[in-house]
1. Provide the gained length on full extension for the span Asp229 to Asn195, in nm with one decimal, where the gain is 0.36 nm per separating residue minus the Cα-Cα distance.
2. For labels at Glu562 and Phe56 in the simple 7 Å Cα→Cβ model, what's the distance in nm?
3. Taking the Cα centre of each part, how many Å lie between segment 91-107 and segment 180-223?
4. Could you order the peptides 538-548, 376-386 from most to least packed, using the average number of other C-beta atoms within 10 Å per residue?
5. Can you tell me the convex hull volume per residue for segment 457-586, based on C-alpha atoms, in Å³ to the nearest whole number?
6. Rounded to two decimal places and with Rh computed the Kirkwood way over Cα pairs, what is Rg over Rh for segment 378-525?
7. Could you tell me which helices of the chain pass both thresholds, a Cα extent of 30 Å or more along their own axis and a mean Kyte-Doolittle hydropathy of at least 1.0, with helices taken as whole DSSP H runs?
8. Based on Cα coordinates alone, diagonalise the gyration tensor for the chain, multiply each eigenvalue by 5, take square roots, and list the semi-axes in whole Å, largest first.
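The values are calculated or read from the model by the stated rules, or taken from the named source; none is laboratory data. None of these values were measured; they are calculated from a predicted model. Positions of Cβ are generated from backbone atoms using ideal geometry, with glycine treated the same way; all protein chains shown enter the neighbour counts. Heads up: the accessible areas ignore ligands, DNA and RNA and are worked out on the full protein's heavy atoms, side chains in. Shrake-Rupley method; radii C 1.70, N 1.55, O 1.52, S 1.80 Å.
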Amino acid sequence: MFLFYRQKKEELYPIGKEIPLKDNDTYRFLDSITVHALKTGKTRMMVLAYLFLIAFIIIGIRLFDQTILKQSIKTHNKSILSTSRPVSRADIVDRKGRILATSLPIVDLYVDARYMPDAHKMAEDLISIFPDLNKENLIKKLLSKNSFIYLRRNLTPQEQYAVNRLGYPQLNFEASERRVYPHSHLFSHLIGFTNIDNVGIAGIEKQYENILTQNQDALTLSVDIQIQDIVHTILSEAVEKFTADGAVCLVLDAKTSEVLAMVSLPDFDLNKTPIDPNTISLNKATVGMYELGSVMKPFTVAFGLESGLITPQSEIEAFNPYKLAKGRTITDFQAEDRILTVPEILIYSSNIGTAKIAQMLGPQVQRDFLNRFHFLSILDINLPEKGHPIVQKKWDDVETATIGYGYGLAVSPLHLASAFNALVNNGLYQYPTFIKDGNKNAVYEQLLSEETSQQIRQMLRGVVKIGSAKTANVTGFNVIGKTGTAQLQDPKTGKYIEGKVRTSFIGTFPMDKPKYIVYVMMENPAKRKEDWYFNTAGWNASPTAGKIIEAIAPMLGIEQKEEIPSASYMQSAYDYALEKKKKKGR
């Protein structure tokens, strides 16, 4: 028998007792090759164990992510679908941040037609929810074997619930959004609309498609909802009152050329889909090109003054019909039968006097001035709907005379309003804009001298005080402006139609420092007994403009002031008008 012992603090182990081993004791009785093999095996086992542990951890995390986290996120997304819209198209707001166009979350219904149990039964069930669906076309889609086919767009929550109740796994929903317009028809021609896929196809929606889809910030327009609503209401009442075929009104900020209101009647409800894209072309304010009649006369007078051919004191014979070449004769609607001063030519809207001034200018000078005022080209505006002025191919002395008083050149109302702004605003021109601060960095064009502009303002005040635009003379606001009445043409023959007219008023207020431009146009107003069977601008467009100015001026912060003193060259016109009034009163 052997006695084994280990020396540890003199500790002895009796025979038969198991001796505890240290780390190196494991291999005490083994040869070196065996020891090396065991250690290598142990190391490999440990590495393998760690690898299995890591693998199990990864698999566990993945399972947790797929079964717990992902499902939670999906559930959360579904829960917020009805309260939070996908951000794919920015809002459009007015100058004060009030919403004009926004997008709401909706769903589209599609079918996976690869596994179709009973297409006819499914079609009948779907038609019970959507009665307007064509059964034959629907069955054709269901039998197509395609994996994705739209069956219905823009479902209501009630419709989505009803489809879910059918229980067909082949029917699925796709989250989408729909453009809505809280003010329906109020801004129809300006804002435009989107198609079924929410892509802009008209108006601001089309013009700013990239900005609206790439930027979450709202697009701020220059228009004001309150001003637009007032204008729309008064203009709609006027159309009904005068049985007109349509109408236009524009309100511009004279300093910035920002459009505060633009109404073109008839209009349409943006929320009633589908909308015919051709409808937008009926925007009379920017697309319509019209001969505007006597509202063009202030420009002719201004061109004469600026050229030095006439002065405010100049006198022109206007009591005999003015005979032109080609058998053309120009007459006045209500001739004064006397020599007129330049201010009186505008006050009494003399065709003869204006035509003579135009012929003093000559065709080339007249064309140059009109081109300078952007009457001969497409306006550079931020709307896709814009028309090109219609100009006579031949421009000789006859055309020069007729263009001088508003015939022979067709322009849009926005052409006229922006040019008139320069005419009365010390000759400074800016392109009109529909974007707030859109002209913030724009450079003014100096088209006329300040002196000529001031003289025109004095003359146009006379038109409103004693001339054809008296019905636009709102007390305390020193309104200035000009009326115009142009005969309508037969679209087939090109001949003018007797009794059918287009009437206009263009003006600004106050006279000394113009703040706002107002333009009103009436399309074919009726002759009424109450108006002594007259349908010229002084009986319809002018009083309508007066109502609009009276309603919006206080909202725009314009205070009523005393009458602004008249220039000395205006006194003879006022004296003659007063004497004429006294004679009528006898």
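1. Working: separation 34, 0.36 × 34 = 12.24 nm, distance 2.59 nm.
Computed gain between Asp229 and Asn195 is 9.6 nm.
2. 10.1
3. 9
4. Details: 538-548: 26.3, 376-386: 17.1.
Averaged packing, sorted descending, gives the order 538-548, 376-386.
5. Numbers: hull volume 18.1 nm³, N = 130.
Considering the Cα atoms of segment 457-586, their hull volume per residue is 139 Å³.
6. 0.98
7. Details: long enough: 32-64 (48 Å, 1.42).
Once both thresholds are applied, what remains is 32-64.
8. 82, 31, 21
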